[in-house]
1. Against the definition (at pLDDT 90 or above, out of contact with any Phe, Trp or Tyr (no Cβ under 8 Å at 6 or more places or on another chain), closer than 17 Å to Phe104 by Cα and not small (Gly, Ala, Ser)), how does His215 come out, yes or no?
2. Hey, can you tell me all the residues within region 137-158 that are of a type in the set (Gly, Ala, Ser) and either buried (at least 16 other Cβ atoms within 10 Å of the Cβ) or at pLDDT below 90 (or both)?
3. All but one of (1) closer than 14 Å to Arg88 by Cα; (2) of a type outside the set (D, E, K, R); (3) surrounded by 14 or more Cβ atoms within 10 Å (Cβ to Cβ) hold for Ala134, so report the exception by its number.
4. What strands (runs of 3 or more DSSP E) completely inside region 103-164 contain at least 3 residues that are closer than 21 Å to Asp202 by Cβ and assigned by TED's automatic domain parsing to the domain that holds Arg205?
5. Can you tell me which residue among Ala191, Ala134, Ala129 is modelled with pLDDT of 95 or more and either out of contact with any Lys or Arg (no Cβ under 8 Å at 6 or more places or on another chain) or under 23 Å from Lys96 (Cβ atoms) (or both)?
6. For the structure I just gave you, tell me whether Arg164 is at pLDDT below 95 and under 23 Å from Arg123 (Cα atoms).
7. For region 165-193, give me each residue that is in contact with a Phe, Trp or Tyr (Cβ under 6 Å, 6 or more places away or on another chain) and either within 25 Å of Ala227 (Cβ to Cβ) or not assigned by TED's automatic domain parsing to the domain that holds Ile98 (or both).
Amino acid sequence: MSDTPTNLPPRFLRTPEAARFLGLSGRTLEKHRYFGTGPAYRRIGGRVVYSVDDLRAWADIGIKHSTSDPGQDDLMPRADSADDGMTRVELTWIEKRIEHWIRFGRVAVDEIVDRRRRIVRFRPGAIFAFVRWAANDYGTVSSRIDIVRAVGTGEPFTTLPFVRPGGDILLKIEGWPKVSQVLAAIDAAEAAGVDPCDAAPDHWRHVHNRIAAGHQPRPYTLERHRAWLKRREIEG
């Protein structure tokens, strides 16, 4: 006896199909997923999928019987703003073409947008290292590392590609030979038993100035770190 529709397993839709089912754009559905205001979804084999039942249940939340009927919650994603006070960094990974990654930093929220993109968020005051590398068929096109302090609401900031709203840039270095020197300085801090997230911000400014001038930066030792912690404690 052949399967009837009621005997078939639930069908799962990829994001473009699910968006068409709901009459939305794929980007709008992605924003709903990012802000946690969309339908339930599953991750199967690294792919985001939706069941038809979950899509219908979510759509039914917005049922209204008249224009004056407040119904339940409107099905609109929240504004794409830093209303949670956190700094957002968009990461893209296309093997051997575009590779963006966080070398260090305490990620507060990690959201997978699709198989190639993630958005991570950092709380105010967090320090993180953001590495960007791009290449074409002939080799490396660009490479850059930024060490950034996430700013709080009302603080001044410098704009930075892929970072919203921006941040207090402690270090900005371009060109793979110099980027490699920065990565080595980060490795050295870790080898000394210091989490780079907790290192003195002035150290990363020092690393920037020395490498930009063509000089070797001073290593960040455990003694220097302890001195920084004492100074921070005294300054409150």
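1. Values: at pLDDT 90 or above: yes; out of contact with any Phe, Trp or Tyr (no Cβ under 8 Å at 6 or more places or on another chain): yes; closer than 17 Å to Phe104 by Cα: no; not small (Gly, Ala, Ser): yes.
No: the conditions fail for His215.
2. Once the filter is applied, which keeps residues that are of a type in the set (Gly, Ala, Ser) and either buried (at least 16 other Cβ atoms within 10 Å of the Cβ) or at pLDDT below 90 (or both), region 137-158 yields Gly139, Ser143, Ala150, Gly154.
3. (1)
4. Fully inside region 103-164 and qualifying: 127-136, 139-149.
5. After applying the criteria, what remains is Ala129.
6. Judged against the criteria, Arg164 is a match.
7. Within region 165-193, Leu170, Leu171, Ala189 meet the criteria.
Let's see how each residue does on (1) in contact with a helix residue (DSSP H, G or I) (Cβ under 7 Å, 6 or more places away or on another chain); (2) polar (S, T, N, Q); (3) crowded, with 17+ Cβ neighbours inside 10 Å:
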{"site": "Gly85", "(1), (2), (3)": "no, no, no"}
{"site": "Arg88", "(1), (2), (3)": "no, no, yes"}
{"site": "Glu95", "(1), (2), (3)": "no, no, no"}
{"site": "His100", "(1), (2), (3)": "no, no, yes"}
{"site": "Val109", "(1), (2), (3)": "no, no, no"}
{"site": "Val113", "(1), (2), (3)": "yes, no, yes"}
{"site": "Arg123", "(1), (2), (3)": "no, no, no"}
{"site": "Ile127", "(1), (2), (3)": "yes, no, yes"}
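The values are calculated or read from the model by the stated rules, or taken from the named source; none is laboratory data. Small disclaimer: the values here were computed from a predicted structure and weren't measured. Note that each Cβ is placed from the backbone with ideal geometry, even for glycine, and that neighbours are counted across all protein chains shown.
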